[in-house]
Every structure is written in C-alpha cells, then in structure tokens.
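What follows is a short report on a single structure.
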Amino acid sequence: MTLRGKLITIILPLLLISIMGLGTWHYHTATIGVERATRLYLDTVLTTYIESELERRQQLLISLGVAHIHSFQEQYQQEAVETARRIAAGQNGDFIILDEEGRAVVITGPLDRPQTRNWIDRPEFRSSLPTHFGTLELPSGNTSKGLLLLNHHYSPWKWQVIFAIDNSEYLQDLGDIRDSTLLIAGLLAIITVFLIYTFSKRMLLLPIEILRRSASRIARREQVSNIPLESGDELGELARNMEVMATEIQNAQAILEERVVERTEELADKNRLFKVIGNLQAQFIREPKPTVMFDRLLLDIIDLTGSEFGFIGDVLLDDNNQPYLKCYAFTNIAWNDETRRFYEENRKTGFVFTDLDNLFGHVILDRESIITNSPASDPRSKGLPKGHPPINSFLGIPIFYGEKLVGEIGLANREEGFTQELLNFIQPIVDTCGQIIVARWERESRHRAEDELSSTRNYLHNIIELMPSILVGIGTEREVTQWNIGAEEFSGISEESALGQQLEDVLPIMKGYSRLIAETIQQQQPRVIERISHINGSEQHQLEGVIYPLGDTAAGAVIRIDNITEKVRLESLMIQTEKMMSVGGLAAGMAHELNNPLGGILQGLQNIERRLSPDLPKNLETAREIGLDLEKVRTYFEQRGISNFLSGITDSGKRAADIVKNMLMFSRKPDAIKRDESLNEIVEQALALANVDYDFKKKYDFRNIRIKRQFDTLMPEVPCIASEIQQVLLNLFRNAAQALSYADTESPTITISTLIQDDHACIEIEDNGPGMQEEVLDHIFEPFFTTREVGSGTGLGLSVSFFIIQEEHNGTIRAESKPGEGAKFIIELPLPEV
Amino acid sequence: MNNIPARLIRIALIALTALFSLSIQADHSKDSKRIILVQTMPVLPVLNHSRTFIEHLEQMGYVNGQNLDLVILQPDGDRGRAEAMLQETLYQGQADLVVTSATMASQVAHKILRGTATPQLFFTVSDPVGAGLVRALGVTGDDKITGKVHSVDRAAKIELLLRLLGSKHAGAPLRLGLIYSSYPSSVGDAKLLAEAAKKFDNLVFVPHRIPYHPVPDGLPEMLDDATGAIEQLDEKVDYWWEPSGPLGERDEFSRLLRDKSKRPVVFGTNMMSVKLGALLHVTPNDNATGMEAARLAVAILEGAHAGNFPVTAATDFDLGINLATALEMGIAIPSDLAELAGPNIFREIAP
C-alpha cells in the first residue's frame, strides 16, 4: 500500500469517527446545556424579578415605614406588575402572577387571552403547577403544546410568581442544535478531509516521493548532489541532510573499500592463524601423541611466521623440582652423524634439555619472551656448538597456562627479523598451545587413572564373579543391575537374561523382602536377611543374606546371599560337641562318685550270696553255733523270692556299673595309641562282632539283615584306634538293626560303604529303615537321648560314638535321615598327612 | 599652598549647593499656580461648591500654600465690590485661573477678564447662557471660559413633580405659583420655567415678581413683598414652586410660604426647603459639582485651553422628598424616586 493509501486508510476513519464522536458529544452536551441554560434563564429572570422588583420594593416600603399604607403597597405592586410586563416584553417568556386568592394579577404575552385567563383563574391550574420547575400542558385551542415554567411563591405579598416559556421553543432549540451539529460536523468532515488531503499531498506526499526517489538513487550509489526539494521544513532539512549523506556515503564507501582491502589482508593472516589453531585443536583430538601433534604445529608456525626452524616443548620439573625442557617437535638441523643419531634417537620420545643457561633456557628461567635479531651479541646466549647452523634471529616464547609455565616455543632465522607485533600476532596460538599442553597432561593423567580404574574394576569383577556367594545388584525399582556367577548357578538364569529383570522374577527367594530392600536404600543402613530355607530338588539349603545400600538413595543396593547349609550343620555340630563335652565332664564326675557306692552295693550282694552259701565252712560253723539251718534259709529265700530280689539287685548293679563305665569314656583319654589301620578290615571285624551280638531281649537278629558292602579297595590305611572304631561301628550296626527290627522293615538291608572324599576317609552306614524325624535327628548325639522304651538302652551309644570320632580321632560323624527313607550315618576320618 | 585643594573643593560644594537651590526655586516657581476664587455671596450652595472645589484640588495635587496660591474674594452679592476686589487682586499679581461661584461674580469676572489671557471657570450658575457667560450649553469655542451649570433641566423638574403627583390632578390644569425676585438668575429661571411648562398640557406657572433687595439686609423687605404676593395668589394656584436665586435660597422664604399659604410647596429651592416641608427638590450634587470643577481647573492650570471644555451640568444630582408632605397630600412616592432620594427622604417637617 502506498503512503497515500496508508494516510487515507488511517486518517479518514479516525477523522470521521472523531468528528462523529465530537458531534454526538456536542449534541449531547448542547442538549444538557440548553436544558440547564433554559432552567438557568427562567431562574435568573424570575429570581432577578423577585429580588429586584418585588423584594426591593417591599424593603423600600419597610424602610420608609409605609408598608402598612395601602396606597404605597398598591403603588409598588402596580409598579411590579408593570415591570413584569416590561420584562416579558423584553425577554423570551411570560409572567403569570397570582394573588393569594389565585386570581391572576397579571398575565403577559400570548397567554393574556380570555380563554387562557379563565383557565388560569381556575383552582385546577394552581394545583397542577409544579412545585418549582417543570412543564405544564396548555388547554386545547392554544398554538403552543405546553409551557416550561418556574414557579415561586413570594410570601410578603402572597403572590405566586410564574415565569414560563413556550415548550415548543425549547424543543425547537434542541432540533436546531441537532440539525446544526449534523450540518457542521458534515461540513467539518468534508473540509478537514479536503484540507488534510491537500496538505498531505503538497506538504508530505510529494516531498516524500522526491525523497524516496533520491534515497533510491543513493541506494544505487548514484551521485545525488541536489534534491529538488526547497521547503524550509524538516523534509527540506532532510533533503539537505540526504545530499550531505550521499556525499558522505560516497566518501565513506571509498574509505570503506580501502579498509576492506586492509581488513581482508588482516583477515587472511587471522584465518591462517585460526587455521593453525584449528589444526592444533583437531590434531589434539585426532592424535594425542605430542610428537605428532607438535610436529604439525611447528611446521604451521614456521610457515606462518616465515621462520627457518624452531621447536616446541613442555616445561617439566625434575625430581629436584628444577625445570627442564622436553621438546616434542624439533626442526631437524642435525649437522653431523652424532647430532643426526641424537635426533633419530629422541624424535619419537622427545628431546630433553636440562641445561637452561642459554637463550631458550632463559625464556624458562626468566618466564618471559626473548626477541633478539642479533643473538650472537646477546649476553644470555652461550654460543653455538661447532657446526650448528647459524642463528640470525631468535624468538623464544614461554607458554603459560594461567600463571603456570607449561612449555616453550622457539623460532629462529626469520628473514625480516622477529618483532613484538609478530609475537602479539601468534600469541593466540601460544595460548592455545598452553591449553593443549595442559589438556594433554590431563588426558594422559586421565588415561592412567582410567587404566588403573579398569584394572581395579576387572579385579573387583573377578572377585565378585568368583565369590561363592550370590551377589545381585539392584536399582531403586529392584531391577537387576549386577548378576554374578553365584547367582547364575543358584538360579540357573544367565546374566544376560537376568539384567534388567525384576529381582523377585529371577530370584524368587527374595519375594517378601521388597520392603526391607526399600528401607535399606532409604535409610542407607545394611540389613540382614535371616535364614531362608530353600529346597532345591531333594536338597534343603539354608541361606542367609545381607542387603547393602550403595551410598546413594538413587543408586540402589547390593544383595549378597550365602548358602550356609554347611555352616549351619557345622554350627549344629559344634554346639553338639560343646554340649557333649560339658555333659562328658559332668558324666565323668558323676561316674566317679557313683562308682564307689555301686562297688559297695555289688560287693555287698556278692558277700550276702557268699555268706548264705552252704558251701562255705565258715557259714556252716556260724549257722551251727546259732542253730540255724542254712538249707532252710536258702529254701525260705527261694520260696519267698528273696533270691530273685537279690539277683535283680545284682543285675541292676551291674547295669549301673556298665553305664558308669560308658560315662567314664567321655573323660578318659584312651590309653591306646593310634595306628594305621585298614578301615575295611575294621568294618569286617565289627560286622563279625555284630553277628554274635544276638540277644532275644533286644528283639533283633542281626543275622536276618542283609549286609551290603561297598568298600573302596584302594583306600589307604587310616590312623585310628581300631577297637574304638569297632565300638562305634558296632553301635551303629546295633541301632540300625534295632530300627529295622522295630519297623519290621521288609528286606532289611544295611549298606556299608568306605570311600575317599576330599581329604577324608569316609565310612557310611545306611539302612532302609523307618528313618527319623528332623527333631529326632537334631538330638541323636545328645547323651541319654533315646527313642526306645525306657530300659531298653542307655542313650549313650551315639554320644560315646560321637565322642570317639570327634574327640579321639578329629573326625566327624553325622546323620542324614528322613522319615520313611532310612537313615545314613557318615563317619569322616582324616587321612594321614603326606 | 597646602590649602588650595581644600578651598577648591569648598568652592565647588558651594557652587553645587547654589545651583541646586536655584533649580528648586525654579521648579517651585514653575509649579506654583495662582487661583482667584470669587464667591458671589455666602449662601449655602456657593459655600458648599467652593469647599468641595478646594478639597478636590488638594486631592488632585494643588495644595494651597504649597504649590497653589489661592485667593478667595467675597463681595457679599455686591457687584461693584466684586469688580473692585477682583481688579485689585489681579493688579497685585496675575492669576493662572479665575474661578467664580454663582452668577454675579461670574458676570463680573467675565467682564474684567475679557481681552486678557487669564482663563475663567465658573460654577453655581444656573443659567450661564442667560447670564451672558457663554453662547450655548454643551458646545465648545467660547474664549477662555468654561464651567458647570448649577441647574437641572426645568422640564425634568416638572416631569419629576408630575410623576410624584401622579393622577392627583388628572384632567384639571395644574397651577404652580412662582414668587421670584428681580435678581437676574431668578428672572432667568422664571423665564425658563415658563418655557418648560409649555411642554406639558394642563400645567401653568402663575408667576409674581418682587423687587430684589440684596440679602441679607434686604431680606425682610423681600419677605414682606413675598407675603403680599402669597395673599394675592393663594387662591389662584394649586401648589407653590420656590424660585432659584437669593430669595429662594433663604429658609425664611420657605417658612413664609409654608406658614402663610394653604397650598403646599411642591418644589423647594434647596434641600433645606424639603426639610421645611417642600415636597420635592432636585439639584446637582455639591460634591460632584466641586469635583468636576476641580478637574477642569487642573486641566486648565496644566495648559489646556478653557474654551475647549463645553459647559455642561453636573452629572450627579441630589433628590430630596418630604414623606410627611407626600402623605399629607395622599401621594404614594414611586419606588424609583424613593430609592433615588435615598437619605434625602425626610419623614417629618422641620419647624
């Protein structure tokens, strides 16, 4: 859209709206104003009349003291009436004055007609009057529709003074205002539009068009020296300014082009500089080896500066904290075999220079650049080795990283010599080089740390993997993050399958521990998982675990689960052993104490029987002396069962003596010495003894039991006391036989195996009897524990066996059994040391 | 030799002081004006107008004894004496302005000053044209003379009276008795009243002239003559109209009319006449007359030509009405007249 169109589009609607709004406002304001003015007019005329004509005269009457004189009052009222007539004649409006009886004193103007006068004289007229201001309709026959009036009661004369105007005049005024407002607004709009258009065209649009054309010419870089716009306003000033501007642009363009050439050259140098820096950074990323990286950089800097040769190196500290220079890039200036060899030997690892009392060394010692274009005369120069290419100029630049001196760049033999400007120019490369050196150091340090970390990680991984425990790492949602070999073996689930799975899905034994795991992670306190029973096929395992938080509530936890079945068994065994030892001590004490009275009892019984025997002369002699027939006494004893009583006491005494004897076994060290014996032979000897251990009282017959022998014929001899091992085996055979007998087992069988297991020699005695409950199994080695009826056993057999194996032979004895599945006793004896 | 500078300084100071004194004297002589005020006779309007004239002169910057040499001459109504006093005074020193109060003094001064450069200013003259002072009222061009007319237009006075009387004498012709002396201004006044009456229907003046005797010595004689005239006219007139001039200005004449006649006096010569029972009096305001005369005097003293100021009446008037007389006559005073009279409404008749 053109500027003209924009002006019209913006200004015309705004103008029309403004004028319409102004007109509406004016009409509204004028309407209110007319009403106010009309009321004010009525009020002014009436108030003025009352104050200046009525009240003034009344005050005059009073001041003259003639208010009571009728002639004066009549005179003054008549004057007031005449005044009202004059006012009505001179003003727009008419007076109606009523006396105290409602009669019209005066009616002025067109209302003063008989018909109207009659209407006014009526009482209805007075009652229909507004209190103060209002309208009043006229009776029919009047040309006017109504009156707009102001009513006032003048009390001193009891006059009702009304000043009224024709209502139609008031309405006519409003109509005139409306019409005139519309007319003026319309005319104003037309004139304003015309003026604005004309003004805009002459004063704005045309000059702007001229300026636009001139600006276009300036934009096309044409010479614009005279813009045909001579007005003295801002546009004329703008035209003059544009002329100046065009000239200035021409001049500025020439200067700019000149500067562009200069800047282009500078930029080319800068680009080369940045390219070198970019190459250095890229090289650092691609090839961290300092020799490779700095070789390229050195070539770039030599090319950039026009030098002949140079070096770049790290400034390091030796063990004595003395600086030295290690150059990773060095221009090959070798001049003989020795220097060539030196170069080849060090070019891949770096050239180390510890002697710094020379030009490049002083850069490090003084920590500042050295620019010299006559190095031979420089006092810091210590000369050159024989054959060294001549150095005509030298630039040594320390490389800092912050305050730390980290390296040095040395350049030599620039044709035009080295300058401070050149140093300033390549300073960005030097700074970048400092950052690269430090970054390289850090990267090397990081690599070393990463290698160490990797080794440590592998080491730890191997530990974790090789641990027999189940080690499972989990996240906060109990997803598996670590799964070691122990866990694989336990669960049968590979690490790949387990990772990411829910713990309970891959390790069902952890069901029910989610809350404990959450608490562990939340409170960052390790929690112990008490024993878990786990049945794997036919085996029952005892498990125990610990949940370790990983030090951060967001890091999860590690669960370690150990199979403590063996540990539990050993603990049980140790408890049993301790218990046995304590019971053994007690039994030994008791046995010693019981042995003496028991000896006395048995000896006394033996003496009674012997002194009742008629075979002893002393007995007969004594009986004769007292007249007693011993045969009768014996008969009496027989008949009265006293002999049986004595026999029973003797049997009981012997039985008690056996118990005491067995009890003494707990505390008494065997006198026998261990010898290397064949367990197979010991087993056979024990079986032979068992075969003769037939006892009807014991209600079993070992000979009816099938004996299966599974001997390891290669088993070496084992150091042991054969008699005691036989006692143990005999005890076990007897118990098995009793169990088979009591259970009335069909095809009763005892399987006896000898075998080598790990570093032990084992004897296993297994029957196919009724087996044992777990509660029984836990107590069978305890002294005086028996499942048989009272009196059928001492309850010390297995206890003594346990004592013999554990204490006397440093072996182990244990039982495995389940109800209905027989029982198995396993004896392990240590093999002889090789 | 050492005293030479001191002597030179002293001489210089003396010379400067002398020059300063001379300049002051020159200024003083330049600013100081001389006015000769001639009062015809010591009657109330003459004295009042002279007093207010002098007061306003002072207010306008001309103070007697400072920058004004004011010489007041009082010939007590004697023309010859007035001529002698004025000539003697002029002989003693030229005046910048001669001011005259009332007709006789004005006529004497006009006669003496004719042909001289001394300007004349008059006031308290009721008929300057009739007195021969100027050719006409309200015009310019008269030589070196101007003034304020001490009079209200006779027709206006009659009209004012008729308004007061209202319809009291509607239909019948109204007869106003006028007893006047042969004093020039009184004669002129009677003549003008007669002419003015012609403008009104049903109104006539019934005049009666008596010889003038200089007051105050000749007053008893004039009163005797007036008593005779009252007796002659009392049945022929409806009301009395007091004349202007020395006779009318006297209270004795007003009392005479009130006491000797049955007819009320409807127009008094001055405000005292109203107090004594005359229904009405209207006269230029004394203060306004004095102030306007003083303005003219200052203008003339400061170089203006007197003939350029037309002779006009004073712009402010005093109206007096006796309410008691009005009530006795059964007249309701129109409100505008009552307001115009203001403080000059008298509720009783002075003895």
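All of the numbers you see were taken from the coordinates with simple rules; none came from a lab. None of these values were measured; they are calculated from a predicted model. In this analysis, Cβ positions are derived from the backbone assuming ideal geometry, glycine residues included, and neighbour counts consider all displayed protein chains.
General remarks:
- Potential extension, residue A:639-residue A:435 segment - 0.36 nm per residue separation minus Cα distance: 61.1 nm
- Average Cα contact separation per residue, the range B:152-275, under 8 Å, 6 or more apart, as relative contact order %: 27
- Distance in nm between pseudo-label sites at residue A:779 and residue A:691 (7 Å out along the Cβ direction from Cα): 3.8
- Shielding of peptide A:70-79 by partners, expressed as the average count of other chain Cβ atoms within 10 Å per residue Cβ, is 4.
- Stretch gain in nm, segment residue A:47-residue A:452, where the contour uses 0.36 nm per residue and the Cα spacing is subtracted: 134.3 nm
- Mean residue ellipticity at 222 nm, helices only, chain A: -18000 deg cm²/dmol; runs of at least 4 DSSP H residues each add -39,500 (n - 2.57), and the sum is divided by the number of residues.
- Stretching residue A:615 away from residue A:504 to a fully extended chain increases their span by 31.2 nm, per 0.36 nm per residue minus the current alpha-carbon distance.
- Taking every C-alpha pair closer than 8 Å and separated by at least 6 residues, the mean separation divided by the residue count of the range A:1-140 gives a relative contact order of 11 percent.
- Unsatisfied cross-links (Cα-Cα over 27 Å) in the set B:168/B:275; A:661/A:708; B:168/B:260; B:148/B:236: A:661/A:708; B:148/B:236
- Per-q log10 I(q)/I(0), chain A, q = 0.05 Å⁻¹ (Debye; single scatterer per alpha-carbon; no solvent): -0.75
- Two-site FRET efficiency, residue B:168 against residue B:129, from Cβ-Cβ distance with R₀ of 25 Å, rounded to 0.05: 0.15
- Relative contact order, percent, the range A:116-200 [alpha-carbon distance under 8 Å, six or more residues apart]: 17
- For residue A:388 and residue A:349, a Förster radius of 25 Å and the Cβ-Cβ distance give a FRET efficiency of 0.65, rounded to the nearest 0.05.
- Loop GluC sites (Glu not before Pro), the range B:151-236 (other Cβ atoms within 10 Å of the site Cβ: 11 or fewer; DSSP): B:235
- Choice from B:227, B:116, B:325 with maximal GNM fluctuation in chain B (Cα, 10 Å cutoff): B:116
- GluC sites (Glu not before Pro) within the range A:323-415: DSSP coil, no more than 13 neighbouring Cβ in 10 Å: A:368, A:403, A:415
- If a spin label sat at a point 7 angstrom from the Cα of residue A:821 along the line to its beta carbon, the backbone N atoms of the range A:752-786 nearer than 17 Å would be those of A:765-778.
- Estimated FRET transfer efficiency when R0 is 22 angstrom, pair residue A:251-residue A:212 (beta carbons, to 0.05): 0.40
- Here is the list for the range B:262-351: trypsin sites (Lys or Arg not before Pro) lying in DSSP coil, each with at most 10 other C-beta atoms within 10 angstrom of its C-beta, are B:262.
- Residue A:649 paired with residue A:494, simple spin-label distance in nm, labels 7 Å along Cα-to-beta-carbon: 8.3
- Counted as membrane-span-like here are DSSP H helices of chain B whose alpha-carbon atoms extend 27 Å or more along the helix's own axis and whose Kyte-Doolittle mean is -1.0 or above; these are B:4-31.
- Chain B - mean residue ellipticity at 222 nm from DSSP helices (-39,500 (n - 2.57) per run, n ≥ 4, rounded to 500): -14000 deg cm²/dmol
- Here the spin labels are modelled as points 7 Å beyond Cα on the Cα-Cβ line, and at residue B:204 and residue B:155 they lie 2.1 nm apart.
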